[in-house]
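Enquirer: Please see the structure below; I have some questions.
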Amino acid sequence: MVFRDVPWLSLIISDVIGDPLDVIASGPTAADPTTFADAMAVLEKYDLLEQAPDSVIRYLQLGIAGQVPRNAQIVACQR
């Protein structure tokens, strides 16, 4: 989602200790702090590289190389 020049408001109720927005919120409220490298590390940790589709591995590799945006929320914030 991209919101340009449009005010928006999120009302967030949490029962999560410390209320970290990246844990309790989603969508345009808080950007996802994880990276392509984080996703690749999960696949490696659980020995899933061979089971993951080639397209997923290629996309993660492109992301790690900085050739695709980390996520749409960050792209929207940079505009």
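The values are calculated or read from the model by the stated rules, or taken from the named source; none is laboratory data. Keep in mind that what you see is a predicted model, and the values were worked out from it rather than measured. As a convention, Cβ positions derive from the backbone with ideal geometry for all residues, glycine included, and neighbour counts pool all protein chains shown.
Enquirer: So, of the residues in the stretch 1-28 that are surrounded by 10 or more Cβ atoms within 10 Å (Cβ to Cβ) and of a type in the set (Asp, Glu), which turns out to be modelled with the highest pLDDT?
Expert: In this case the residue turns out to be 19.
Enquirer: Those residues that are acidic (Asp, Glu), assigned to a loop (DSSP other than H, G, I, E, B) and under 27 Å from residue 62 (Cβ atoms), I need them from the stretch 14-44; list them, please.
Expert: Within the stretch 14-44, just 32 meets the criteria.
Enquirer: Sort through 49, 62 and tell me the only one that's in a loop (DSSP other than H, G, I, E, B) and modelled with pLDDT of 80 or more.
Expert: 49
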